[in-house]
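The values are calculated or read from the model by the stated rules, or taken from the named source; none is laboratory data. What you see is a predicted model, and the numbers here were worked out from it, not measured in a lab. All Cβ positions, glycine included, derive from the backbone under ideal geometry; neighbour counts span all protein chains shown.
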Ligand SMILES: Nc1nc2c(c(=O)[nH]1)N(C=O)[C@@H](CNc1ccc(C(=O)N[C@@H](CCC(=O)O)C(=O)O)cc1)CN2
Ligand SMILES: Nc1nc2c(ncn2[C@@H]2O[C@H](COP(=O)(O)OP(=O)(O)OP(=O)(O)O)[C@@H](O)[C@H]2O)c(=O)[nH]1
Ligand SMILES: [Mg+2]
């Protein structure tokens with residue numbers, strides 16, 4: 001039992017019970033509901049305290065196992081969204097000795113345990129709840145309807161078949177003769193597929209947590225003005241005094257559905273004041289940690305200066321912007337002409353940033369491969385790499401052993417070979433009531 005809605009005032013607050021005793025426990029609060037309610041029918045009912053005094057009037061819903069979210073009997077009490085009222089209702093159901101509060105993620109975990117969804121779909125539920133950009137919502141929704149599950153299954157099934165063939169040849173050499181013949185190419189194809197899935201993990205990270213993009217460059221180049229323009233409000237202080245920005249400022253935007261954190265940084269220069277030098281150190285830290293650095297060059301920057309500033313980005317991908325283009329038209333090769341003051345060049349800049357971060361295609365179409373999935377897929381691909389070696393150089397036992405390891409690692413993604421400890425780790429990140 002748990003609240004299914006946020007513990008804050010709202011139009012409706014939902015209390016959800018799951019398990020064999022859900023109906024009886026729920027009816028103690030709503031005695032007006034028939035003993036055998038029609039499943040999935042919304043009953044308007046009075047919710048009452050122990051003395052039968054009304055606490056609220058709300059909707060009572062009964063989902064009969066297995067046709068519910070968890071696959072168990074589920075009852076929902078949909079009350080008015082008053083946190084204090086919901087506490088009273090919770091306390092009332094908890095008087096029933098069979099009822100206890102749900103653990104974080106327990107409803108979804110039960111859905112998983114009852115085979116309602118594989119692990120990737122269960123995780124997509126949490127991704128959806130946490131999504132804070134349109135791309136993250138769409139990618140999680142695709143995962144919820146089985147996007148990643150389908151791709152994992154398309155890998156897991158042939159892998160399992162290969163393992164069965166190899167074990168067959170090992171255990172019944174007579175009957176299964178020849179079943180291991182094309183194992184080399186089969187292993188290679190499966191490995192390529194595991195690696196293709198793995199390749200989506202970088203993009204998944206961008207979708208899930210948003211991309212981080214820092215504006216940097218020499219003092220007074222117009223970074224803060226451009227930052228404000230991109231964010232759509234006057235967040236950063238702007239002044240013609242060089243060295244205005246000291247701390248790193250961060251603002252969240254959403255472009256083409258992709259969430260981005262934009263960072264404005266202290267301008268770089270040779271002889272800063274003491275506080276400004278601290279700011280410059282922070283700029284360098286920020287530059288090392290972002291997905292893309294936008295170098296804003298002032299009009300008249302020499303090619304040598306441009307080169308020197310470019311090197312500041314280090315290993316971070318970098319895009320050059322010729323700032324204050326309303327003052328002087330920059331030569332072609334300096335960078336994208338942009339003016340934070342007039343707004344000129346903003347659309348091409350956004351498009352260039354997105355294509356550098358994303359390349360072709362749309363962010364919403366990516367399969368959400370988490371760090372956890374990526375780790376398991378990496379182990380799958382590695383085991384398949386060793387299996388490929390073994391198919392050429394080693395015994396069938398070794399080959400089959402490696403294929404078995406690959407299968408086990410992949411099973412951690414779908415949940416077919418997930419340990420209790422792994423499930424604990426996954427579901428404890430969910431919220432209570434999910
Ligand atoms: N009020 C409410 N809204 C909610 C949920 C909920 O539990 N309660 N959900 C939960 O977090 C999500 C919806 N997820 C659900 C998934 C499956 C079933 C379900 O009853 N499935 C049955 C019947 C399917 C059908 O009739 O088509 C089944 O799969 O057998 C219900 C909710 C989002 N909205
Ligand atoms: N004409 C013109 N002036 C600009 C533009 N952008 C900024 N300025 C002016 O240039 C000066 C510096 O602008 P800022 O945005 O503070 O520059 P900054 O790069 O953030 O400077 P620091 O924080 O000191 O490194 C201010 O006087 C701005 O009004 C622009 O696109 N066109
Ligand atoms: Mg500034």
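For the stretch 37-59, filtering for residues that are part of a strand (DSSP E or B) and either within 16 Å of ligand 2 (Cβ to nearest atom) or surrounded by fewer than 21 Cβ atoms within 10 Å (Cβ to Cβ) (or both) leaves 9.
I'd like the full set of residues that are surrounded by fewer than 22 Cβ atoms within 10 Å (Cβ to Cβ) and in contact (Cβ under 8 Å) with a residue 40 or more places away in the chain, limited to the stretch 73-85.
Selection gives 78, 80, 81, 82, 83, 85.
Applying the condition of being in contact with a helix residue (DSSP H, G or I) (Cβ under 9 Å, 6 or more places away or on another chain) and closer than 16 Å to residue 316 by Cβ to the stretch 265-283 and asking which residue is farthest from ligand 3 (Cβ to nearest atom) yields 268. Contact annotation: residue pairs with Cβ atoms under 8 Å, 6 or more positions apart or on different chains, pairing a residue in the stretch 410-434 that is free of Cβ contacts under 8 Å to residues at least 12 places away in the same chain with a partner that is surrounded by fewer than 18 Cβ atoms within 10 Å (Cβ to Cβ) and part of a helix (DSSP H, G or I), are 417/408. Please find, within the stretch 246-265, the residue that is farthest from ligand 1 (Cβ to nearest atom) out of those that are modelled with pLDDT of 95 or more and part of a loop (DSSP other than H, G, I, E, B). Only one residue fits best here, namely 265.
Any residue at all in the stretch 60-68 that is closer than 21 Å to residue 9 by Cα and not in a loop (DSSP other than H, G, I, E, B)?
Taking every residue of the stretch 60-68 in turn, at least one turns out to be closer than 21 Å to residue 9 by Cα and not in a loop (DSSP other than H, G, I, E, B).
Of the numbered criteria (1) within 14 Å of ligand 2 (Cβ to nearest atom); (2) under 24 Å from the mean Cα position of the chain (by Cα); (3) surrounded by fewer than 23 Cβ atoms within 10 Å (Cβ to Cβ), the one residue 234 fails is (2). Across the stretch 207-224, the qualifying residues are those that are surrounded by 21 or more Cβ atoms within 10 Å (Cβ to Cβ) and assigned to a helix (DSSP H, G or I), and the one among them that is nearest to ligand 3 (Cβ to nearest atom) is 224. Looking at (1) part of a helix (DSSP H, G or I); (2) in contact (Cβ under 8 Å) with a residue 40 or more places away in the chain; (3) closer than 26 Å to residue 358 by Cα, which is the one condition that is false for residue 305? For residue 305, the exception is condition (3). The conditions of being under 20 Å from residue 344 (Cβ atoms), free of Cβ contacts under 8 Å to residues at least 24 places away in the same chain, away from ligand 3 (no atom under 11 Å from the Cβ) and not assigned by TED's automatic domain parsing to the domain that holds residue 135 are not met by residue 238.
Residues in the stretch 174-195 include none that are in contact with a strand residue (DSSP E or B) (Cβ under 8 Å, 6 or more places away or on another chain) and either in the same structural domain as residue 399 (by TED's automatic domain parsing) or more than 16 Å from ligand 1 (Cβ to nearest atom) (or both).
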